[in-house]
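Inspection log for the structure reproduced underneath, given as structure tokens.
The values are calculated or read from the model by the stated rules, or taken from the named source; none is laboratory data. From a predicted model like this one, the values you see are computed outputs, not experimental measurements. With ideal geometry, Cβ positions are generated from the backbone for all residues, glycine too; neighbour counts draw on all protein chains shown.
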């Protein structure tokens, strides 16, 4: 959701620091939302929780259109073109919420953060983009990290890992579909169409297990809705304030928050393998994000001149 200006004109350092702050805060808020959603999956079906989250995002999209009153931008130009992206968004939302229920919070989050690796792996075939050997190396390293986090040889390995990997795959396919859509559709219309489909799908599950929440759970539902909407607003503000290459890697702080929250509320203690795997996922994905917008000649020059230290352009 970064605007074009932020990706072409370097922002002042003060703006960069502010953008990083917004993204770090957004990562904390969405981590709290994930923890609350995981806690609520013990008492409520995924469809009910997703419906509440989607309503908050619809409100954010409509509120963001108020200053300019450009509501026509919310209407899709080509409805059929939206369907693949909306379908993958629906699948990723459902599968990720199911993975939160089945897995420890840090494991589910770590696997979901591997989606940039999948995008890179599919970029050549689906987007006709050139993927050099450095990015392929990062993909392999990240996938090794996923193996370490999931530990397929563990006796407790089960369907939760399969669901989480499927969620990460859907997130990646959603991002690829988004790249194709941005040439003909506005960001607002892409977001609104997908979230309306998610809300409708969640509402359709109402006859199958929805229950009226208790007073305590009602507060939690309000918390889930508010934090999800707030996280989207903070993310949008981060991309408006600074370049995408600067703020995007800050989302990996969610892994730190998920480990702290998992330990605080469920007593989940990260293993050495999960820590090593998480580091591999974060490092490889951050490398891809940081270098994907850099001209190839600049990547080569930095590799030759400073092979051991990479710095962002001022």
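Things worth noting here:
- Among the residues examined, residue 279 does not qualify as in contact with a helix residue (DSSP H, G or I) (Cβ under 8 Å, 6 or more places away or on another chain), part of a helix (DSSP H, G or I), at pLDDT below 90 and within 22 Å of residue 148 (Cβ to Cβ).
- Residue 231 modelled with pLDDT of 90 or more, touching a helix residue (DSSP H, G or I) at 6+ places or on another chain (Cβ under 9 Å), in a helix (DSSP H, G or I) and surrounded by 20 or more Cβ atoms within 10 Å (Cβ to Cβ): yes
- A residue that is more than 22 Å from residue 112 (Cβ to Cβ) and not in a helix (DSSP H, G or I) occurs somewhere in region 237-257.
- Filtered by the rule that a residue be modelled with pLDDT under 85 and out of contact with any helix residue (DSSP H, G or I) (no Cβ under 8 Å at 6 or more places or on another chain), region 142-200 gives 153, 154, 155, 156, 183, 187.
- Counted residues, region 262-273 - those being in a helix (DSSP H, G or I), in contact (Cβ under 8 Å) with a residue 24 or more places away in the chain and either surrounded by fewer than 22 Cβ atoms within 10 Å (Cβ to Cβ) or at positive phi (or both): 3
- Candidates are the residues of region 125-135 that are assigned to a helix (DSSP H, G or I) and in contact (Cβ under 8 Å) with a residue 12 or more places away in the chain; the one that is surrounded by the most Cβ atoms within 10 Å (Cβ to Cβ) is 135.
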